Amino acid sequence: MNTLKPKGKLAFKKTRTIGPLYTGGPVAVTTDGQFIVTCIGEEAVLTDLGRDLEICRFQGDTSSITSLCITPSGRTLCVFTSSMAMLVFAMPLDAPEPLLTSVHPTKTVARAHDAPVHVSKADPTSTYLASGSADGIVKVWDIAHCYPTHVLRGHGGVISALLFSYPHAIGLEERVMRLITASVDTRIRVWNLARGAVMAKKGKTVKPEAVLEGHVSVPRGLDITPDGKWLISGGRDSVVLVWNMEGKAAKGKEKEKETLINLTPILVNTITVLERVEAIGLLAEDERVANTSTKANPLRLFTAGENGVIKIWDAQKSYVLCVMGEEQAAASDDQEEQRQIVDAIYVPSTATVISIHADQNILFYSLADSSLTRQLIGFNDEVIDAAFISSPSETDSHIALAANSSLIRLYSANSLDARLLSGHKDIVLCLATSASGRIFASAGKDRIARIWAPRSGIAGPSDWSCIATCEGHAESIGALTFARRDDGSEELLLKFLFTGSQDRTIKMWDLSSLDSPAVDQQPSRLKSLSTFKAHEKDINALDVSPNDALLASGSQDKTVKVFTITYSRGSKGPRGDLTLLGTCKGHKRGVWSVRFARAERVLATGSGDRTVRIWSLDDFACLRVLEGHANSVLRVDWLGDGNGPYGGRIVSAGADGLVKVWETRSEECLATLDGHEDKVWALAVSKDTRTIVSGAADSVVNIWQDCTEEQEAEQEQERANITLREQDFLNYVALNDYRRAIELALSLAHPGRLFKLFKDVLSASVGAFEATEATGHPAVDSVLRTLHPADLTRLMLYIRDWNTRAATASVAQRVLYALIKLRPTNELMGAFEPASVVLDPVPLPSKPLPEGGMHELVEALIPYTERHLARMERLVQESYVVDYVLGEMDGLAGDEGEGIGLEADFVSV
């Protein structure tokens, strides 16, 4: 039943936005795993993973970000850009809501290095930051004061990895902070920072404590155990080296009364990984790893690289404990998506390994069961189509997106968690769902339509697999649609599928063999029941009527054709055919979308001529033309069940970036949803018609929720509250409770009622009170003397507005005089401080708050006050003339003999 009202405006609110999250570059995660910082273009973005919410963006210097680092405390973010600048930000982790403005750096070093910085790392105490640049220089920074404490030279090229070592003291030994660095010269250097500081003060060259040689290619990852004993390094030479940092210790020569200890680490193991290693890390000793015993060797590590998987290794026995992810085949030059891992982050607090892939996706793996717990899709590119998908347990639980890629994005409807469905070999152009919503189809430039079904017994968003393919078109498939009749049963009963192609044909496919799909087997190849040459140009849209009796097709040839569907299941197998029933002509450009109404015999179409047309299925005449889009209408759909004249309400999306909701009976636009900056190609409506999903070429997907009823309820409640407060105001005035009356008038933002109150008090007080009262009434004076700063600001702005009119200026001047007499000057000026105004949520008067504070307010009062004073002076002068005339008239009234002459003199005067 349609619950939408036939009249009135609709209200939609944007409940969620799926936008770019990561477009490449460095990634950092807080130690608790709750927040992640990614790069979008030239900005760093902070996202709350718990709430799936973007918290803020950090203001950059318009240069690309080359490295970023979050301190272990999670309070500071350090960013290095290609302009060689270092920016330090305070992390707003406690913000309850997203910040509307960008976060500016607290400190900036304009030229931190002479070459771009590609790696940076903070020490465990969040005090120091190490940065390595492309010219082989490593600097250690004091984060709080942004000055370098160490400058380490000696590397032969780009610094590729950094690591602080600060093990806990044992016995009476002092804690020693070391920095371990690696570069493209394949060597790993160990620096004693305490000794380096002493040598630097003496003007001596700081040299590494040890130089480790073992790699034959650039080391990309370093990690060390908390006790500082075991160091691991992995590189692009496809090996991981395990070093014992306590291997040898020899006392150096005593020089200048100092005994120097030189470490000589020993290489104890070499692990052949058989892939280029891009990231490496040690797992905590008590970490539980899937398929392993809890008593396993505590020295376990993970590697990530070109194969796109996370491998967990036993560091001493050199064998793989488990593999997380699906290993990819070697990528070819023309392959669109690259799945290799460019970085990986281990979060001990959540037992999670996060992998960052070259295709801008971020995957979260649980070490406990080796499962993929979350996937963040960094960038969707141009969104072409969208559809709601239902899981076996929930309606409209997921949103499928086709986004200029061969991979289908499958998002959870309530979070940023998503999965990628692979199978197509070229860009996916269109999506369609079955009547139940649990099975959907996709098709694109590879000329193949694929049908996807959920796996049984699993409820995650990755649990759809391809069960069948439709092959036979000679060109790209641009449209497809299922049978729409739903008998309400729980069984996945399917009848047929239509596909439309650039080869100008429509094919009908038999789906009867998929009544009980086997999702764990290889996809079956479906049979075409019929092929019909329908149009003279590309077919852009298809739709089946709710009773499965009609098929509509829209084409670039500017026409919409309606066919009768013949389908039957006999002993010799299913049979199907199409018969042309009629043609809808009237659009002046290509038709991009067609959609049958759910209850009435009408059809809606959207075209490149910027109109939405409603067609009758009885005589194929155009019943309504909806005009309002500034560019091509790319998608249309019906809201509600379509009851009412010509189907009810329609939602349309256009190339102007707008989504509009129409009332077809009155041809009125009820709502315009503005949330995109480019063509809106994708539009989907939920089964309850209360949610709209729109996706555009700006890579943004917006989810709109119908909030008309909630908004009307809020407005009704607000009107009731205002009525009650207005009655309270009248009661306070009647009881002479001026304090509450004035405060309530200010809180209601009713300057008219407040003016009348002051006018009545001033009029009634003439001669009633002594002149010592500023307003003539002691109660009003008491209120003005103790007004809250925010209320005082609002009252002075009302005085400014009243002073602009002659009819209200006298009251404004009297109240202003009372304020100046009753309140100290510093209180009047302090009322315009921002803090005093923000405290009160009640809106200020229509005119904006003066930026110059009291000074600007006075500047606004002076001209009108001078004008009123001049007017009063003119009235006084004119009053003397009136007195003179009246006096002369009194004198002339007693002289009857000279009446005529006197009258002539009076006229001349």
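The values are calculated or read from the model by the stated rules, or taken from the named source; none is laboratory data. If you're wondering where the values come from, they're calculated on a predicted model, not measured in any experiment. Glycine also receives a Cβ, built like all others from the backbone with ideal geometry; neighbour counts cover every protein chain displayed.
For the stretch 632-648, how many residues meet the condition of being charged (D, E, K, R) and modelled with pLDDT under 90?
1
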*What are the residue pairs meeting all of these: first residue in the stretch 709-724, first residue over 18 Å from Ala749 (Cβ atoms), second residue outside any helix (DSSP H, G or I), Cβ atoms under 7 Å, and 6 or more apart or on different chains?*
Gln711/Ala11
*Among (1) closer than 25 Å to Thr804 by Cβ; (2) in a helix (DSSP H, G or I); (3) at pLDDT below 55; (4) among the aliphatic types (A, V, I, L, M), where does Val842 come up short?*
(2)
*Check Gly19, Gly25 and return the single one that is at pLDDT below 95, at positive phi and not charged (D, E, K, R).*
Gly25
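Please find, within the stretch 585-597, the residue that is surrounded by the fewest Cβ atoms within 10 Å (Cβ to Cβ) out of those that are in a strand (DSSP E or B) and not polar (S, T, N, Q).
Lys585
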*Complete set of residues in the stretch 681-733 that are surrounded by fewer than 19 Cβ atoms within 10 Å (Cβ to Cβ), charged (D, E, K, R) and touching a Phe, Trp or Tyr at 6+ places or on another chain (Cβ under 8 Å)*: Lys687
*Evaluate the following for Asn702: is it out of contact with any Asp or Glu (no Cβ under 8 Å at 6 or more places or on another chain) and not hydrophobic (A, V, I, L, M, F, W, C)?*
yes
_Leu748 - would you say it is modelled with pLDDT under 80 and either at negative phi or touching a Ser or Thr at 6+ places or on another chain (Cβ under 7 Å) (or both)?_
yes
*Are any of the residues in the stretch 142-149 of a type outside the set (S, T, N, Q), in contact (Cβ under 8 Å) with a residue 24 or more places away in the chain, over 21 Å from Val184 (Cα atoms) and touching a Pro at 6+ places or on another chain (Cβ under 6 Å)?*
no
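Would you call Val594 in the same structural domain as Thr433 (by TED's automatic domain parsing) and in contact with a Ser or Thr (Cβ under 7 Å, 6 or more places away or on another chain)?
Answer is yes for this residue.
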*Inspect the stretch 448-464 for any residue being modelled with pLDDT under 95, β-branched (Val, Ile, Thr) and out of contact with any Ser or Thr (no Cβ under 9 Å at 6 or more places or on another chain) and give the result as yes or no.*
yes
*Taking only pairs six or more apart or across chains, which ones have beta-carbon atoms under 7 Å, a first residue in the stretch 602-615 that is in the same structural domain as Val680 (by TED's automatic domain parsing) and closer than 12 Å to Lys585 by Cα, and a second residue that is among the hydroxyl-bearing types (Ser, Thr, Tyr) and part of a strand (DSSP E or B)?*
Thr605/Ser593; Arg613/Thr605; Trp615/Thr605
*Among what's in the stretch 780-818 and is of a type in the set (S, T, N, Q) and part of a helix (DSSP H, G or I), pick the residue that is surrounded by the most Cβ atoms within 10 Å (Cβ to Cβ).*
Thr793
*Just give me the residues in the stretch 552-584 being out of contact with any strand residue (DSSP E or B) (no Cβ under 8 Å at 6 or more places or on another chain) and not in a strand (DSSP E or B), in sequence order.*
Asp557, Ser571, Lys572
*Members of the stretch 541-572 found to be in contact (Cβ under 8 Å) with a residue 12 or more places away in the chain, surrounded by fewer than 16 Cβ atoms within 10 Å (Cβ to Cβ) and of a type in the set (Lys, Arg), listed by number*: Arg569
*Give Phe58, Phe35, Phe80, Phe89 a once-over and let me know the one that is touching a Pro at 6+ places or on another chain (Cβ under 6 Å) and not basic (Lys, Arg).*
Phe89
*strands (runs of 3 or more DSSP E) contained in the stretch 374-423 and holding at least 1 residues within 17 Å of the chain's Cα centre (by Cα) and in contact (Cβ under 8 Å) with a residue 12 or more places away in the chain*: 394-402, 408-412, 418-421
*Taking the stretch 693-732, which residues are among the aliphatic types (A, V, I, L, M) and in contact with a helix residue (DSSP H, G or I) (Cβ under 8 Å, 6 or more places away or on another chain)?*
Ile722
_All strands (runs of 3 or more DSSP E) inside the stretch 161-212 with 3 or more residues being within 42 Å of the chain's Cα centre (by Cα) and either touching a residue at least 60 places away in the same chain (Cβ under 8 Å) or in the same structural domain as Ile280 (by TED's automatic domain parsing) (or both)_ = 178-183
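Can you find even one residue in the stretch 7-15 that is aromatic (Phe, Trp, Tyr), closer than 30 Å to Ala597 by Cβ and not assigned by TED's automatic domain parsing to the domain that holds Cys669?
yes
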_Please verify whether Phe89 is at negative phi, under 27 Å from the mean Cα position of the chain (by Cα) and free of Cβ contacts under 8 Å to residues at least 60 places away in the same chain, treating the condition exactly as stated._
yes
*asked:* Out of Asp698, Asp678, I need the residue that is assigned to a loop (DSSP other than H, G, I, E, B), of a type in the set (D, E, K, R) and touching a strand residue (DSSP E or B) at 6+ places or on another chain (Cβ under 6 Å). Which one?
replied: Asp678
*What number of residues within the stretch 27-81 are of a type in the set (A, V, I, L, M) and part of a loop (DSSP other than H, G, I, E, B)?*
2
